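Below: the structure, in structure tokens.
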Amino acid sequence: MQMNLTVVWLAFFLLLGTVRHAHCQDNDPKLRVLQGHDGSVLGLSFSPDGRTLASSSRDDIICMWDMATGKLTRKLIHHTDDIYGLEFSPDGRFLASGSADTTICLWDVPSLELRRTLNGHEDIVRSVTFSPDGKTLASGGVDTTVRLWDVGTGKIKQILKGHQGRIQSIVYSANGRLLASGGESVRLWNPNTGIQLSVLENPIGNFETIAFSPDSKLLAGSSSAGPVLVWDATARKLLYTLEGHVLETDSVDFSPDGKQLASGSKDTTIRLYDTRTWTLLQTLTGNSGRIESLEFSPDGRMLVHGGGGGDTSITLWDLKKIRTAKGPGQGHED
């Protein structure tokens, strides 16, 4: 009888421990960690419907992930060097990738067959972005040029010159009226005429990544010195300098509703800001390497980051749980 009672109590405590563990898992803002690359994750892009995530890496491979299951469904192998730029077209029909091998690849979706290779850059292609109507692909890189490509024919439409150093990031505004390229400065272009409209200087370092807000009113730039700069994109006026990161800030992205801005740094932290008050909402710590890339999911429920500096994983964060989580790896800052 004594032995049976002991077994019952042991079973009870084991069950209690299991329930507590499951509860912790349920409240962990880290939804999932994806493993599939053998190098730093340099690029991330969600398909417009949010069902697929594409990632690119220093391992020269693009990985395609099913967001419902977290499973790796396909590896795209063609580039022969680091893949930096990665983006789905607005209609989801194409995926573009830009590489240190100086080429840009256009992939058909959903077949994921290589449609064409775009040649023209004379050095590393750091960034690619589609125009809102999907008819033009813009690219920028170490050769200091911005190139505009006709997606239908693969031919170069225009070459924009003005940068004095490498271009790290390039992005269209959502309304299609502006094209921004970031490097030693941010240059704003009229994408229809190719005319340079303005130059936004960074007095504290080069720009690593730039991003427009969904309403096209704001432009944010992450800096090699750490701070994130935010401009009024229409008035070309610097509005905010967001301090906090102590090392190079590699990535920045606005949430789809424009209410949050995320920045990721070499200091291994992610900082989330409220764009209505520009107060810090949350700092995500406990990451094992630098934050190379960041991307909000199209529905705004997830934030995904790609690791670097020895971390080759992709982490999916539940934004709803981040707002209330106080466990290891998360903490509010004033």
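At-a-glance table
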item	result
Label assignment, Rg/Rh (Cα atoms, Kirkwood Rh) derived from the structure, set [x] 0.96; [y] 1.04; [z] 1.63	[y]
Phi-based couplings in Hz for the range 286-291 (Karplus 6.51, -1.76, 1.60; Gly and Pro marked x)	x, 7, 8, x, 5, 9
Neighbour-count order for 128, 230, 33, 304, fewest beta carbons within 10 angstrom listed first	33, 230, 304, 128
Span from the the range 258-313 Cα centroid across to the the range 46-73 one, whole angstrom	18
Given charges at Cβ of Lys, Arg, Asp, Glu: the range 54-130 dipole, positive-most of 69, 103, 85	69
For residue 115, residues with placed amide H under 5 Å, excluding near neighbours	106, 107, 108
Long-range amide H partners of residue 157 with built H, under 5 Å	148, 149, 150
Phi-based couplings in Hz for the range 53-63 (Karplus 6.51, -1.76, 1.60; Gly and Pro marked x)	10, 9, 9, 10, 8, 6, 7, 6, 10, 9, 9
Residue 158/residue 91 FRET efficiency (R0 35 Å; Cβ-Cβ; nearest 0.05)	0.95
Nearest-ten-degree value, helix 2-27 long axis tilted from longest Cα axis of the chain	20
Distance between the range 206-231 and the range 156-189 - C-alpha centres, whole angstrom	13
Phi to ³J(HN,Hα) by Karplus 6.51 cos²θ - 1.76 cosθ + 1.60 over the range 262-273, Hz, x for Gly, Pro	10, 9, x, 9, 5, 6, 6, 10, 10, 10, 10, 10
Rounded if a/c under 1.5, otherwise prolate or oblate - the range 118-219, Cα gyration tensor axes	oblate
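Rule-based calculations on the coordinates, nothing more; no lab input. This is a predicted model, so every value here is computed, not measured. Counting neighbours? That spans all protein chains shown, and the Cβs are built from the backbone with ideal geometry, glycine included.
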